[in-house]
Amino acid sequence: MSKSDIRRLDREIHKATAKLEAVKRGESWPLNGAERRAMARATVGGSYKVVRGKSTARAEQQIDTTTANAEMRLTAELSALHGEKQRLITEAAREKAAKKASGWW
């Protein structure tokens, strides 16, 4: 594997880390479509409850659950990227060792 593949994975890891940090800060840009819809649904439902003078506990719980699911998804993505990077590094080292072993000396 080439260094460009490892660099590409490093960029992806950096992006995934930035997304995870943004979700932890409460930003919505890293959320996917389903998560954004769930957040909007919970926000609208909660605001409706506020107008009616009722408890917003369920809406708050839905928002917290959606945020936790997004964090879990991004953490899993980050773990997969780290695993792939390690596999590429190991494979490159194995190829390099085989190339050296097959030399003249």
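Annotation note: Cβ proximity below 6 Å between a residue of the stretch 85-101 that is assigned to a helix (DSSP H, G or I) and a residue that is open to solvent by less than 60 Å² (accessible area, probe 1.4 Å) (sequence gap 6+ or interchain) occurs for LYS85/LEU9; LEU88/ASP5; LEU88/ILE6. Only one entry of GLU91, GLU77 meets the criterion of being modelled with pLDDT of 95 or more, surrounded by 11 or more Cβ atoms within 10 Å (Cβ to Cβ) and within 22 Å of LEU9 (Cβ to Cβ), and that entry is GLU77. Checking each residue in the stretch 1-55 for being open to solvent by less than 100 Å² (accessible area, probe 1.4 Å), within 20 Å of ARG87 (Cα to Cα), over 10 Å from the mean Cα position of the chain (by Cα) and not acidic (Asp, Glu) picks out MET1, SER2, SER4, ILE6, LEU9.
The values are calculated or read from the model by the stated rules, or taken from the named source; none is laboratory data. These numbers come from a predicted model, not from an experiment. With ideal geometry, Cβ positions are generated from the backbone for all residues, glycine too; neighbour counts draw on all protein chains shown. Heads up: the accessible areas ignore ligands, DNA and RNA and are worked out on the full protein's heavy atoms, side chains in. Shrake-Rupley method; radii C 1.70, N 1.55, O 1.52, S 1.80 Å.
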